[in-house]
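The values are calculated or read from the model by the stated rules, or taken from the named source; none is laboratory data. Fair warning: this is a prediction, and the values are worked out from it, not measured in the lab. Every residue, glycine as well, gets a Cβ built from its backbone with ideal geometry; the counts of neighbours run over all protein chains shown.
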Amino acid sequence: MPEALSILATDCGSTTTKAILIQKTGDQYRLVVRGEAPTTVESPFDDVTVGVLNAVREIEEISGKKLISADDKIITPAVDDKTGVDLFLSTSSAGGGLQISVAGLVKKMSAESAQRAALTAGAIVIDTIAIDDGRQEYQKVERLRQLRPDMILLSGGTDGGDTVKHLVELAEMLVSADPHPRLGVGLNLPVIYAGNQDAYQAVHELLDHRVELKRVANLRPTLDRENLLPAREAIHDLFLEHVMQQAPGYSKLSSWVSADIMSTPNAVGTIMDTIAKQRNITVLGVDIGGATTDVFSVFRNEQGASIFNRTVSANLGMSYSICNVLTEAKVENIRRWVPFEIADADLRNQLRNKMIRPTTIPQRMVDLLLEQAVAREALRLAFDHHKSLARGLMGSQKSRSIGDAFEQTESGSTLVNMMALDMIVGSGGVLSHAPRRAQSALMMMDAYQPEGVTLLTVDSIFMMPQLGVLSTVLPEAATQVFESDCLVYLGTCISPVGTGKPGEPCVSVTINGRTEKVVGGAIRVLPLGFVGGEELESGGTSTVEGGLHVAPATEPMRTEVTIQPEKGYDVGAGKGKPITTTVTGGIVGLIIDARGRPLAIPTDSTTRIKKLTEWLTSMGLPTGE
């Protein structure tokens with residue numbers, strides 16, 4: 001393939017279609033311009049390409065390049081510097097994304113493995129069916145009929161195990177339900193079989209001609225081994241063949257792109273996984289939207305291997321699903337983050353107004369602080385969900401030494417280790433578009449409670465989906481743009497684990513020959529910005545090169561610090577033991593969070609408001625007064 005000097009990439013979201021133009025100048029790929037338009041997958045247009053072309057036309061107007069032909073198609077490959085692009089790529093979550101029901105024999109084993117396979121393939125799991133899920137068979141049949149998933153992932157049993165009878169029972173349940181796909185009238189529902197291979201023939205005899213059955217390798221070939229890749233690849237292939245092709249306008253869009261269309265969550269997960277592997281770090285990422293919150297992580301298991309996980313909380317979001325956050329978190333948990341008095345009825349009504357007017361944005365500082373309080377709870381709840389699935393295998397046996405003989409360790413414990421976490425990446429409107437970057441940092445600190453030393457970052461304008469699909473075609477370009485134009489460095493957060501009395505010594509940090517002592521219950525921010533001068537809080541200004549808007553590439557400062565916790569606190573080496581490490585600066589700086597872990601918020605209203613106001617002031621943020 002000839003060298004790609006210009007790349008156009010679009011992401012078709014549920015409400016907005018975003019387009020970015022990337023060009024190579026010298027040896028560097030850079031984002032040059034961005035455009036967006038409403039998504040048009042629903043009536044009156046019923047054609048996703050209308051929104052794509054509208055977003056690309058905005059890029060045409062700003063860049064001066066001609067990208068759309070007379071017959072309304074993307075011009076590719078490029079004709080010259082002013083006409084067309086070398087690559088056109090796209091991702092999509094329009095039309096509700098990819099919706100899957102998973103079925104397994106045991107809820108905490110094969111069904112959970114099926115969930116992980118579906119979630120890491122970019123799907124929304126709308127129901128999990130298992131022999132032991134507590135429901136009667138007629139209830140499961142009725143549920144399958146009502147949900148109308150895009151496809152079903154069927155799993156269960158180890159290869160060679162005696163599970164044929166139970167897998168046949170699951171297949172018979174599918175026959176009774178006779179589910180129809182959400183899209184495509186008259187088409188058979190795709191079903192992926194990823195269970196005991198010895199049972200496949202019996203299942204095939206039952207389901208043949210009733211569904212579109214595809215056989216892949218077993219998700220759990222043995223109790224202590226998980227093999228998710230074949231199922232994930234099958235989900236992706238069937239998504240393109242059966243789901244994408246039925247959505248309005250996608251067959252046309254598929255004929256324009258230079259590579260297969262990827263689902264948006266799958267693309268975001270791909271770039272997260274790519275960056276973690278390239279840097280050899282552990283990463284926690286989040287995409288908080290109006291209807292759902294996706295959490296991604298790359299942590300290491302007991303053998304030191306990097307494990308990628310993704311979960312989606314389909315009922316937690318900041319507009320359409322904001323009242324679900326209220327219901328699940330409860331009023332008191334949202335109010336604990338609000339630095340002013342507010343009546344229960346007023347809090348509920350403001351959130352209900354947001355739900356029925358999802359595109360509105362806060363007009364007053366108190367409205368913004370309330371919305372960011374809800375965001376903290378949505379992030380926390382989605383993270384709790386993620387930790388419950390990002391774990392080792394239930395049912396597996398562990399090798400134990402004599403020193404472990406009296407230790408009660410449960411198989412299936414979470415892989416999420418906050419003390420070992422290197423970087424947090426936040427994205428989604430409430431994080432990427434917060435008026436001040438320090439607000440994004442504080443929201444993630446409050447929701448995730450990082451431990452030890454953790455780098456905080458955000459996606460500048462939510463371009464990770466486009467970079468995810470680009471990384472499968474041109475990884476060098478995706479990495480360069482991610483580093484230069486996507487990733488906004490907020491700074492490093494130092495968070496001692498432990499509890500003590502507020503006001504008593506907690507931690508000392510020595511940086512550039514100066515020692516800063518921070519007491520328990522306080523936040524201290526030290527200046528640590530960018531090489532050649534600190535970037536503006538707004539994220540810097542853009543320059544113009546050849547009529548194209550180019551964001552500035554800034555290198556964050558890195559320096560060595562020595563962290564000395566007090567006796568009751570731990571920053572990674574043990575209680576009271578110091579560490580020396582390199583920290584990275586950013587727009588906010590070096591944040592010393594001495595509030596302790598777990599974070600305790602005063603229950604008394606007056607004390608709570610005083611403490612929240614103190615923390616906001618320490619971060620240089622307005623308090624709503």
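Taking the stretch 131-167 as the range and being within 12 Å of Val102 (Cα to Cα), in a loop (DSSP other than H, G, I, E, B) and in contact with a Ser or Thr (Cβ under 6 Å, 6 or more places away or on another chain) as the test, only Pro149 passes. If I filter the stretch 92-110 down to residues being at pLDDT below 90 and among the polar types (S, T, N, Q), which single residue comes out as nearest to Ser155 (Cα to Cα)? Among those residues, the one meeting the criterion is Ser110.
Residue-wise test of (1) among the polar types (S, T, N, Q); (2) within 29 Å of the chain's Cα centre (by Cα).
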residue: Thr25; (1), (2): yes, no
residue: Leu31; (1), (2): no, yes
residue: Val41; (1), (2): no, yes
residue: Leu53; (1), (2): no, yes
residue: Lys66; (1), (2): no, no
residue: Ala78; (1), (2): no, no
residue: Lys107; (1), (2): no, yes
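Residues that are of a type in the set (S, T, N, Q) and modelled with pLDDT of 90 or more were ranked within the stretch 131-153; the one that is farthest from the chain's Cα centre (by Cα) is Gln136.
Here's the yes/no breakdown for (1) of a type in the set (Lys, Arg); (2) surrounded by 24 or more Cβ atoms within 10 Å (Cβ to Cβ); (3) in contact with a Phe, Trp or Tyr (Cβ under 9 Å, 6 or more places away or on another chain); (4) touching a residue at least 40 places away in the same chain (Cβ under 8 Å):
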{"site": "Thr91", "(1), (2), (3), (4)": "no, yes, no, yes"}
{"site": "Leu98", "(1), (2), (3), (4)": "no, yes, yes, yes"}
{"site": "Leu119", "(1), (2), (3), (4)": "no, yes, no, yes"}
{"site": "Gly122", "(1), (2), (3), (4)": "no, yes, yes, yes"}
{"site": "Asp127", "(1), (2), (3), (4)": "no, no, no, no"}
{"site": "Ala130", "(1), (2), (3), (4)": "no, no, no, no"}
{"site": "Gln136", "(1), (2), (3), (4)": "no, no, no, no"}
{"site": "Leu153", "(1), (2), (3), (4)": "no, yes, yes, yes"}
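Condition first: more than 18 Å from the chain's Cα centre (by Cα) and under 14 Å from Gly586 (Cβ atoms). Now tell me which residues in the stretch 444-482 satisfy that. Listed by number, the list holds a single entry, Val453.
Looking at the stretch 111-130, which of the residues that are outside any helix (DSSP H, G or I) and at pLDDT below 90 is nearest to the chain's Cα centre (by Cα)? Write out each step before concluding.
Initial filter on the stretch 111-130 (outside any helix (DSSP H, G or I)): 121-130.
Now narrow it down to the ones that are at pLDDT below 90: 121-126.
Numbers: Ala121: 13, Gly122: 10, Ala123: 12, Ile124: 13, Val125: 15, Ile126: 18 Å.
Ranking the qualifying residues of the stretch 111-130, first place goes to Gly122.
Could you tell me which numbered condition Leu284 fails, if it satisfies all but one of (1) surrounded by fewer than 21 Cβ atoms within 10 Å (Cβ to Cβ); (2) not in a helix (DSSP H, G or I)? Going through (1) surrounded by fewer than 21 Cβ atoms within 10 Å (Cβ to Cβ); (2) not in a helix (DSSP H, G or I) one by one, Leu284 breaks only (1). Scanning the stretch 354-388 for residues that are surrounded by 19 or more Cβ atoms within 10 Å (Cβ to Cβ) and farther than 20 Å from Leu326 by Cβ turns up just one, His386. Would you confirm whether or not the stretch 577-588 contains a residue that is more than 18 Å from Thr515 (Cα to Cα), in the same structural domain as Pro502 (by TED's automatic domain parsing), surrounded by fewer than 23 Cβ atoms within 10 Å (Cβ to Cβ) and of a type outside the set (Ser, Thr, Tyr)? No, every residue in the stretch 577-588 fails to be more than 18 Å from Thr515 (Cα to Cα), in the same structural domain as Pro502 (by TED's automatic domain parsing), surrounded by fewer than 23 Cβ atoms within 10 Å (Cβ to Cβ) and of a type outside the set (Ser, Thr, Tyr). Taking the criterion of being within 24 Å of Ala267 (Cα to Cα), in a helix (DSSP H, G or I) and either at pLDDT 90 or above or not assigned by TED's automatic domain parsing to the domain that holds Ile288 (or both), would at least one residue in the stretch 59-75 satisfy it? So far as the stretch 59-75 goes, yes, one or more of its residues are within 24 Å of Ala267 (Cα to Cα), in a helix (DSSP H, G or I) and either at pLDDT 90 or above or not assigned by TED's automatic domain parsing to the domain that holds Ile288 (or both).
Yes or no, residue by residue, for (1) of a type in the set (Val, Ile, Thr); (2) assigned to a strand (DSSP E or B); (3) in contact with a strand residue (DSSP E or B) (Cβ under 8 Å, 6 or more places away or on another chain); (4) free of Cβ contacts under 8 Å to residues at least 12 places away in the same chain:
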| position | (1), (2), (3), (4) |
| --- | --- |
| Leu187 | no, no, yes, no |
| Val191 | yes, yes, yes, no |
| Ala194 | no, yes, yes, no |
| Asp198 | no, no, no, no |
| Ala202 | no, no, no, no |
| Glu205 | no, no, no, yes |
| Glu212 | no, yes, yes, no |
| Ala217 | no, no, yes, no |
| Asn227 | no, no, no, yes |
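Residues of the stretch 366-387 that are under 27 Å from Val425 (Cβ atoms) and over 19 Å from the mean Cα position of the chain (by Cα): Asp367, Leu368, Leu369, Leu370, Glu371, Ala373. Considering only residues in the stretch 310-336 that are part of a helix (DSSP H, G or I) and hydrophobic (A, V, I, L, M, F, W, C), the one that is surrounded by the fewest Cβ atoms within 10 Å (Cβ to Cβ) turns out to be Val331. When the stretch 243-263 is filtered for residues that are outside any loop (DSSP other than H, G, I, E, B) and buried (at least 20 other Cβ atoms within 10 Å of the Cβ), the ones remaining, listed by number, are Val243, Met244, Tyr250, Leu253, Met262, Ser263. Across the stretch 217-233, what is the number of residues that are under 19 Å from Pro181 (Cβ atoms) and either modelled with pLDDT under 90 or in contact with an Asp or Glu (Cβ under 9 Å, 6 or more places away or on another chain) (or both)? Result for the stretch 217-233: 0. Among the residues of the stretch 421-431, the one identified as more than 15 Å from Phe296 (Cα to Cα) and modelled with pLDDT under 90 is Gly429.
For the stretch 38-53, the criterion of being farther than 21 Å from Gln246 by Cα and surrounded by 15 or more Cβ atoms within 10 Å (Cβ to Cβ) is satisfied by no residue at all. For the stretch 589-597, the criterion of being surrounded by fewer than 18 Cβ atoms within 10 Å (Cβ to Cβ) and either at pLDDT below 95 or touching a strand residue (DSSP E or B) at 6+ places or on another chain (Cβ under 8 Å) (or both) is satisfied by no residue at all.
Only residues that are surrounded by 17 or more Cβ atoms within 10 Å (Cβ to Cβ), free of Cβ contacts under 8 Å to residues at least 60 places away in the same chain and either touching a Lys or Arg at 6+ places or on another chain (Cβ under 8 Å) or more than 19 Å from Leu223 (Cβ to Cβ) (or both) were counted in the stretch 157-172, giving 1.
Hey, Ser508 hits all of (1) surrounded by fewer than 20 Cβ atoms within 10 Å (Cβ to Cβ); (2) in contact (Cβ under 8 Å) with a residue 60 or more places away in the chain; (3) hydroxyl-bearing (Ser, Thr, Tyr) but one; which does it fall short on? Condition (2) is where Ser508 drops out. Of the residues Lys66, Lys73, Lys82, the single one that is surrounded by fewer than 17 Cβ atoms within 10 Å (Cβ to Cβ) and touching a residue at least 60 places away in the same chain (Cβ under 8 Å) is Lys73. Looking only at residues in the stretch 337-353 that are among the aliphatic types (A, V, I, L, M) and over 20 Å from Val430 (Cα atoms), the one that is surrounded by the most Cβ atoms within 10 Å (Cβ to Cβ) is Ile342. Given the criteria touching a residue at least 12 places away in the same chain (Cβ under 8 Å), crowded, with 24+ Cβ neighbours inside 10 Å and more than 27 Å from Met443 (Cβ to Cβ), does Leu470 qualify? Yes: the conditions hold for Leu470.
Looking at the stretch 432-443, is at least one residue closer than 26 Å to Arg300 by Cβ and either under 18 Å from the mean Cα position of the chain (by Cα) or not assigned by TED's automatic domain parsing to the domain that holds Ala291 (or both)? The answer is yes; a qualifying residue exists.
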